[in-house]
Every structure is written in structure tokens, then in C-alpha cells.
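The values are calculated or read from the model by the stated rules, or taken from the named source; none is laboratory data. Quick caveat: nothing in here was measured; it's all calculated off a predicted structure. Note: ideal-geometry Cβ built from the backbone for every residue, glycine included; neighbour counts use all protein chains shown.
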Amino acid sequence: MIRHFIALILSCFALTACSDNPWNNPYPKNETKNNIRYTSFFSQPKTFDPAKSYSNDETIIIGQIYEPPLQYHLLKRPYTLVPLTASKLPEIQYLSSTGKILPKDATDDQVAYTIYTVSIKPGIYYQPHPAFTRDAKGKYLYHHLAFSELKHYKELSDFKNLGTRELIAQDYVYEIKRLAAPSVNSPIFGLMSTKILGLDAYSKQLTQATNSRPRNDFLDLRNYPLSGAQELDRYRYRIIIKGKYPQFLYWLSMPFFSPIPWEVDYFYSLLRKEQNNINFDWYPVGTGAYYLTDNNPNRKIVLEKNPFFHSEFFPSEGSANDIASGYLKNAGKRLPFIDKAIFTLEKESIPRWNKFLQGYYDQSAISSDSFDQAIQIDSKGNPILTPRLKTMGVYLQTSVALSMSYLGFNMLDPVVGGQSERARKLRQAISIAVDFDEYISLFLNGRGIPAQGPIPPGIFGYLPGEVGINPYVYKWQNNMPKHLPIEFARQLMREAGYQNGIDPKTGDPLILNYDVTTTSGPEDKALLDWMREQFSKIGIELNIRATEYNRFQEKVRTGQTQIFLWAWIADYPDPENFLFLLYGPNRKVVSGGENAANYNNPEYNKLFDQMKNLPNSPERQAIINKMLAIVRLDSPWVWGVNPKNFVLSQVWNQPSKISDISYNTLKYQQIDPSLRFRLQILWNKKVIWPLLVLILLGLLIMLPVVIRYRQKERQSIKD
């Protein structure tokens, strides 16, 4: 028996010496030696259809696969549009209501239509896909499958023959038409139907055509012309916009305006008859640097380099800071650098963080649970890495996100809404009482800055320093904004008629309703308790009305809220995309727009109309300044927080500039897999001494038993 224990110990040593692969590596043996990027996702995607998806989690994947005509320059700030598949920026032409061509400086009231003519580069090809496969006679191989044959295809990989074809202008027009298709239900159709000529009527036409044909019968959008989107020739198309809408250029960099080939739409329509999941939602088809090869949203998503990807090179233009940061190290090199990207589902933050520390993820965000392990605050209040991460060679990148969260007041509410002096002072008092500086410290680990208005840093119109503060909540002191004392809020409450927070109508403390969605977790409870405490500082009792997400959305949509928590992430880097959130005609209750507070100030609306189509200029800034003065006075929001992004990258992950607005940045990433593998072994050394201790303890425990057993054996032999 003792010999068996010794053999077990020796076998343990043998097992630990037989491989150079880290013993806790979650990936196949030696896979991390390859040019593969590893990262994680925590929310299961719902669709990868570029006409339907409006989620950041999904766009991380979609942006690597689909290519709209334009993209943002990786390095230039302010964010600058450059051609992607387009050969140049679109040609823009203004027309009068009679079709007369107008000069570039034509005023808004003169312009009836704007024509965007897009020219695309020849020689761009789609990823491999069975929809493009033809036989020797040029006939599509899989476009004529009998219904009895469809049951043999359960996964896209069941189709063994793959093909490709060149990107053409018709594909972009086809996708614009899909925005109006009733079967697609695009989230931007409502907005685009007011912009793209004829799109609203086109949707009605497609609905009628769909209802008049058999279920699942293919609706070929090529047979239905759209006046606002027209193919001019093989490589040119045009889009006609009603009036002036210069922000439309930004939309041409978004996945909604990516190309969709009719062959793939037809191919997926056939497979719908078999009721399987082979469709645009799960199997995207694009011309981008990567294509989807494994889609298991419950486990992992794999992107591989598109073998037909067109020529694209790392940008050579950049600032002195970009050069100093090493961002231009790869200038002029052909993209993409990485062969494959594996996204692993990690719902819990702690396992995700531990795998980053072990070297199994190349980049990581920082959750609240792991913040203290990653970040320290220096004497100047700046975030720095902990000694452990510095030793590992990890580097930190930060940026202020092009987004904001805020408390909204329903301006239709009889207590907190309206333009009366009483209601305005009440909102101003609450704006001072709710201390978002404290919120950032307590709940965001300092990862944010208090918002001073609706425009975040990085967007034209935002002014730093003293000129940019909200004077109704802050004062400028010691070269920084300082929150006004709570006594200012109490004085405003008295002026509003709520002495010590008492409602004069009831003689009791004023009760206000706070609508919010929660997960009922401990962090939610702490946040809600904190929010109650903020209101109690001025004598207001806060009634929490927590609901599930869909019910909350319905209450906002129908104006059944009083005070609510909301957020906005930039669609494009223009002040119009934030200032329109307070534009009267966009009121949620009135028009279903994004003005969730239902704010409506005629002077603000007038200034918005003047500002929205102007180029960035001193004139535009002057108008924006007037608009900010109006909304700061009216206080339809408690301006809340502009969050900060904190991104940690491993030493083998070469620096690349953070972009808060670009979607297709994987192609710029570069790693050193050999360095990664060496460090994974170093950081995950096999620790076998606990096993040896257990074995020795077992030996010690068993030894008396063995001795006693042997003694009995000898005694029985003697007897």
C-alpha cells in the first residue's frame, strides 16, 4: 500500500512535467500561441442584422463584419469621417422644390431636397458564403432547393460550397429599402421615414405587397423602386433627403447603411420555410475585415479574418500625442493584423477579472468589484495602476465617454413640470440637492465627471473651464467647479413655496415619485437609499416606483412618470444629437421622439432650428451658448454624469487609440502571441505542494492502520 502512495506521488510529478501549456488554460492546448485575440462579452446578443440592431454589445460584432460607405478616422480628434468602401466622401447637392440646383450656401428654407451621391471602390468582395455559390453553368447552387432538401441543413456549415461576389451599389440601395420592410422592423425607420424621400410611402407599399402574397414568399426589393435611394450604375448610388440634414453623413458610417446582397436575402428566405435559425439575425454577411464562423451566444462567438478582405492600411496621419503614445507604430501596414477573435460569454465580473489577471483575456474593463485591485488614486486625484498591474506591464487608457446619464423631470407633470417660477425653482433646488459628485465617488469609483449640460466633452459646443459650468448648481472655485452648498437649495425651496419641504396644499412633506428599473440587488438598494437621502436634504420624501424594463419604458412613453433615470449614448459626434433630446417637437408623449422629459421651450426650439444645420463655427457656438443658458435655467434635467471609460490592456496588446464612436476597430488591434504565451506560463505556474502535503498527510494517517494490519497478519500466521 505504501508503494502505491509513492507511485501516486511520482505520477503527479510526471503529469506536471509533460506539457508546457498552463494547467488552468481555458483554451485548447497551445492555442494562445496563435495570432488570436481573446475577450469576453456578458450580454447575449439578440440580432446581428445591421438594419435591426441598436445595441452596443451587438455592434461590437456587427462593426467588424459589415462596412457602410464611411468610417471615422482612427486617430483624428474631433472625430472625422473618411471613406471606407466609398472612393471619396459623398458629393452633396441642394435642390429647390422645383428641382433647381442651389449653391452650397443656400439657406434652409430654400433647400427642398439634398442629394448625396456615393461612389464605391471597385474590387471589394464579400466573405465566403453559400448564397453566392454557382455551378458550372452560372446557376446559383442553393437558390433552388426543394422543400424536402431544406431539412438536411440545420447550420450554415452544412452548406459545403462557398462563393463570393463583388460589392456593388445596388447592395447599399437594397439595405436602405430593408429599413422600411415590415418584416425587418428597423428601429431607425421612424426617423429615416421623415428624412429619406418616399421611405414612409415605401413601407406602406411593402406592407401591402407582403400581405398579398403567400406566407414566407420572397419579397424581392429590387422589384420595388424607392424614390429616395437609387442605383446610378454599378459603383454609384444616390440618396435623396428631404430638406437639409447635414448629420446624415454620420449615419452613412453606421451599420444601418451597410450593404446587403439580394442573393443572401433570398437564400435566407428559403431557409425560413424550414423554421431554422439560419438568417440575418445569426449569420451576418459582409465585406468587413472579419466574418462570423462560430455563433453560440450561450458560450462563445468567433470571428475570423475575411480571406477576401480588400486592401486597407493603418492610418499614417496623427498628432504629436499619437506618435508619443505609439499609435502610429503600424502606420501604412495592411489591415487587419489579427487572424481570429474569440469572444467568450462571462456573465459574472469576478471570473472575467481573474482570467484577465491570468493572462487569458487581452483587454478588460474594470467592474466595481475589481476596481481596488486595479486602480489607486494618487495625491492629485488621478487614477493610476496598482503595483501588481504595473509589474505585469498592464497599461491603462481613459477617456470621457460620449454619453450621459441624468434625472429627468416630466415637464407635463403638474408638480415638477411646467414653466412656472414655482416649478422651476423646485427643479433647481433638486438639482443642487442631488449631489452627483458624491454619486460618482460612491457608485462609479470616480469614473465620471458631473455633467454641466446636455453636451458631453468631446462634442462641439462643450466648453471647458469656468465658462462651461452650470451656474445654478456649481460655482468656480480654486480653478475647478464646486457644488453649491445645500442652503442654496433650501432657499430655493422656500422661494418655491415649500418651506422645509412642506407641501402647502397638504401641510405634509412634499412627496415625489421616482420611476426606475432595478434588479433588486444589493447595489440597487444602496443606490435607491442614497437617492432618497438626497431628496430628504431639502425635506422631500421620495417614493420609489421600481418596475421591470418594459413597464418603465411604457410609463415614459405615455407620460406617467414624475422623475426618472435616463441615459443617452451618442449616435454621432455632433451637438445636434444631444440638443435634440430637449427639442419640443421631439417630445416623447407628443411624437414618440427622444425628448423623454417632454420639455418644450419656444425660444430653445427656435434656436435649435437655427443651429442644427450649421457647420461647426463661432456662429454655431454662440447659438449653442444661448440654448445652454435656457435649459440650465429651466432645469428639465438634473444633468447627471458623463462617465469615464477605463480600459486595461495587457503588455502584449499593442496600444491603439480609444474611440467612443467607431464600431470597426478590431482590424487595428495587434498582439504579440509569443509574449502572451510566455507570460501565461509565468503567471500560472503549477502549484503542486498542496497536493503533496495532502498525500503526505494521507500517508501519516494510513501508516498506523497499515502497521496494525501487518501486525495482525503476522499474528494470524503464528497462530
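For Asp660, which of the numbered conditions (1) charged (D, E, K, R); (2) surrounded by fewer than 15 Cβ atoms within 10 Å (Cβ to Cβ); (3) within 30 Å of Leu442 (Cβ to Cβ) fails to hold?
(2)
Restricting the first residue to the stretch 612-626 and requiring it to be closer than 20 Å to Pro456 by Cβ, which pairs with a second residue that is in a loop (DSSP other than H, G, I, E, B) meet a Cβ separation below 7 Å and a spacing of at least six or different chains?
Asn616/Phe460; Arg620/Leu614; Gln621/Gly461; Ile624/Gly461; Ile624/Pro575
Working carefully through the options Tyr250, Tyr268, Tyr224, Tyr235, find the one that is within 21 Å of Tyr142 (Cα to Cα) and either free of Cβ contacts under 8 Å to residues at least 60 places away in the same chain or in the same structural domain as Val118 (by TED's automatic domain parsing) (or both).
Being within 21 Å of Tyr142 (Cα to Cα) and either free of Cβ contacts under 8 Å to residues at least 60 places away in the same chain or in the same structural domain as Val118 (by TED's automatic domain parsing) (or both) holds for just one of Tyr250, Tyr268, Tyr224, Tyr235, which is Tyr268.
Given the residues Ile342, Ile384, which is the only one that is in a strand (DSSP E or B), over 22 Å from Tyr38 (Cβ atoms) and of a type in the set (A, V, I, L, M, F, W, C)?
Unique residue meeting the criteria: Ile384.
For the stretch 168-175, indicate whether the set of residues that are acidic (Asp, Glu) and over 23 Å from Gly593 (Cβ atoms) is non-empty.
Yes, some residue in the stretch 168-175 is acidic (Asp, Glu) and over 23 Å from Gly593 (Cβ atoms).
Name the residues in the stretch 149-201 that are among the polar types (S, T, N, Q) and surrounded by fewer than 15 Cβ atoms within 10 Å (Cβ to Cβ), would you?
Once the filter is applied, which keeps residues that are among the polar types (S, T, N, Q) and surrounded by fewer than 15 Cβ atoms within 10 Å (Cβ to Cβ), the stretch 149-201 yields Ser157, Asn161, Ser183, Asn185, Thr194.
I'd like the residue in the stretch 64-82 that is outside any loop (DSSP other than H, G, I, E, B) and among the β-branched types (Val, Ile, Thr) and, out of all such residues, is surrounded by the fewest Cβ atoms within 10 Å (Cβ to Cβ).
Here the answer is Val82.
So which residues in the stretch 249-267 are among the hydroxyl-bearing types (Ser, Thr, Tyr) and under 21 Å from the mean Cα position of the chain (by Cα)?
Tyr250, Ser253, Ser258
Name the single residue, out of those in the stretch 378-399 being among the aliphatic types (A, V, I, L, M) and in contact with a strand residue (DSSP E or B) (Cβ under 6 Å, 6 or more places away or on another chain), that is surrounded by the fewest Cβ atoms within 10 Å (Cβ to Cβ).
That would be Ile384.
Please pick out the residue among Lys657, Lys685, Lys626, Lys606 that is under 18 Å from Ile338 (Cβ atoms) and among the charged types (D, E, K, R).
None of the other options fit; the residue is Lys657.
Kindly list the number of the only condition in (1) modelled with pLDDT of 95 or more; (2) under 23 Å from Arg236 (Cβ atoms) that fails for His73.
Single failed check for His73: (2).
Would you tally the residues in the stretch 26-70 being modelled with pLDDT under 95 and of a type in the set (A, V, I, L, M)?
Number of matching residues: 1.
Report whether or not Asn354 is of a type outside the set (Lys, Arg) and under 18 Å from Asp158 (Cβ atoms).
no
Looking only at the stretch 589-611, filter to residues that are of a type outside the set (Val, Ile, Thr) and at pLDDT below 95; which one of those is nearest to the chain's Cα centre (by Cα)?
Glu594
Could you grab me the full set of residues in the stretch 140-154 that are under 14 Å from Phe267 (Cβ atoms) and either part of a loop (DSSP other than H, G, I, E, B) or in contact with a helix residue (DSSP H, G or I) (Cβ under 9 Å, 6 or more places away or on another chain) (or both)?
Tyr140, Leu141, Tyr142, His143, His144, Leu145, Leu150, Tyr153 - these are the residues of the stretch 140-154 that are under 14 Å from Phe267 (Cβ atoms) and either part of a loop (DSSP other than H, G, I, E, B) or in contact with a helix residue (DSSP H, G or I) (Cβ under 9 Å, 6 or more places away or on another chain) (or both).
Could you grab me the full set of residues in the stretch 297-317 that are within 25 Å of the chain's Cα centre (by Cα) and part of a loop (DSSP other than H, G, I, E, B)?
Pro297, Asn298, Arg299, Asn306, Phe309, Glu312, Phe314, Pro315
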